[in-house]
1. Peptides 309-315, 193-199, 87-93, 207-213: what's the order by average Cβ count within 10 Å, highest mean first?
2. How long are the semi-axes of the ellipsoid equivalent to the stretch 127-257, from square roots of 5 times the Cα gyration tensor eigenvalues, in whole Å, largest first?
3. Sum -39500 (n - 2.57) across every DSSP H segment of at least 4 residues in the chain, then divide by the residue count to get the 222 nm mean residue ellipticity, nearest 500.
4. Binning at 5 angstrom from zero up to the longest distance, how are the C-alpha pair distances of the stretch 179-415 distributed in percent?
5. Of 250, 269, 412, which is farthest on the positive side of the dipole of the stretch 179-415, counting Cα position, with +1 on Lys and Arg Cβ, -1 on Asp and Glu Cβ, and the Cα centre as origin?
6. At 0.36 nm per residue, and after removing the present C-alpha to C-alpha distance, how many nm does the segment from residue 70 to residue 266 gain when stretched out fully?
7. Which lysines have a Cα lying under 27 Å from the Cα of residue 137, excluding residues fewer than 8 positions away in the same chain?
8. Amide H neighbours of residue 54 under 5 Å, counting only residues 5+ apart in sequence or on other chains, H built in-plane at 1.01 Å?
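Coordinate-derived values only; no laboratory data. Computed from a predicted structure; not experimentally measured. Every residue, glycine as well, gets a Cβ built from its backbone with ideal geometry; the counts of neighbours run over all protein chains shown.
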Amino acid sequence: MATPISRRSILAAGAGAAAGLALPAAAQATGGHAGTRIRFTLNAVTLDGGEQVVAVTLKTGRLGRIDPASLTPASFSVHAKATSPIPIAPGDQIFSEYDLDRTVTAARLNRDGDIVLELAYAEGVTGGGTLGYIAGKGRNVQLDLVYTITQNAPVVVRGRPVTFAAFAQGRLSNPEVDAFSYHVSGTGMKYRLFSPGRHHGKRPLVVWLHGGGEGASLPDNYYDNETTLRANRGALGFATREAQQIFGGAYVVAPQSQSFWLEDGDRFAPQIRQIIRDVARRHDVDRDRISVVGCSNGGYMSLKMTVEYPDLFASSVPICGVVQSLDPGGPRQITDDELKAIDTPTWLVASRDDDTVPPEPNTVHAHDLIPGSRLSLYDHVIWNGHQFPGHWSWIYVARNDPRQNGETIWQWMARQRN
């Protein structure tokens, strides 16, 4: 049975975040470190359904040895407040702001002697997410996060019980996201770039094109270059150790639309092409091994790129992409003649229960017309026992799940050459 899908599911789903400024939660100071102000980091992970804060690291390593036996989940309390960075119009909704206590599941020391407070989190649970979706704008935005730490019991530092004076919030840390550098092209389009480690020779390039909710909202002067990596694992999947081994080291670039790709594919295509050209010129990119992958809006745009630049890409992976008209009876986004003319090796992915971009008139139709194309059509989107909305079939590509004839989709992409 199809999973009910809200308007939010037109997005490349999920969560993202901006660490707020230092907002201390005062605690009485006792013991040998009276007056010590402890900075803390928010530790985030991009799950299949979006980024969540999963732990808080208190920077206590410089104070000296802390007795781990003095730490329990009850030693500290953690409160989280998440609000929109831009005004919400009257009558509009944002999913999801929150103001709540986070459950501390464990308190431990890391190898640097810092206290780590592990927090309860799960797919689809409000309270840890770092993105909010503004319904009226159809956009994910990074929520302004304010975390408040309260110490409930002393910890033993160098043999003495200590209660810290105050806590100051620092940065949001997500190693996978932070591995992508920040850039702006000559046309003004922002993008993030993952570069492989030390290598000899030229390496392939994977271009990830985000969904509709991860573009900018320039009427609000909101263009973050963040949500493309925090809303789902689409680009991140290709930067994992598994993917890098399969590709033999690959660059991964994630452009961010100034609005959404479907708004004006003709205008955005050359801007994406310029980013590809710039990355290939500045880095050791194998121009015969450039792949384009996109979901939803980005699935449309990946098809559009192969139509506009038939000799550029070694492979294309449109995921739940839009082909039919957005308006009843209107012209197709990608015409039948254009689909028939695509000769870039193409592997399409969708789920039958997608009621945001129905697969039959879009993905299946494109597969029927694109010569030699492959199709992976799932019944539902389920990963690690959690069922996601049917539109979120990009999760399977991000996890290298589609396969045919014993070959996974990443392996197929890696062997394609122009």
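1. 207-213, 309-315, 193-199, 87-93
2. Equivalent ellipsoid of the stretch 127-257: 34, 24, 12 Å, largest first.
3. After summing the helix terms and dividing by residue count, I get -4500 deg cm²/dmol.
4. Distribution as computed: 1, 7, 15, 20, 21, 18, 11, 5, 1, 0, 0 percent.
5. The residue sitting farthest along the positive end of the dipole is 250.
6. 64.4 nm
7. Output for residue 137: 81, 190, 304.
8. It is 43, 44, 45, by chain and number.
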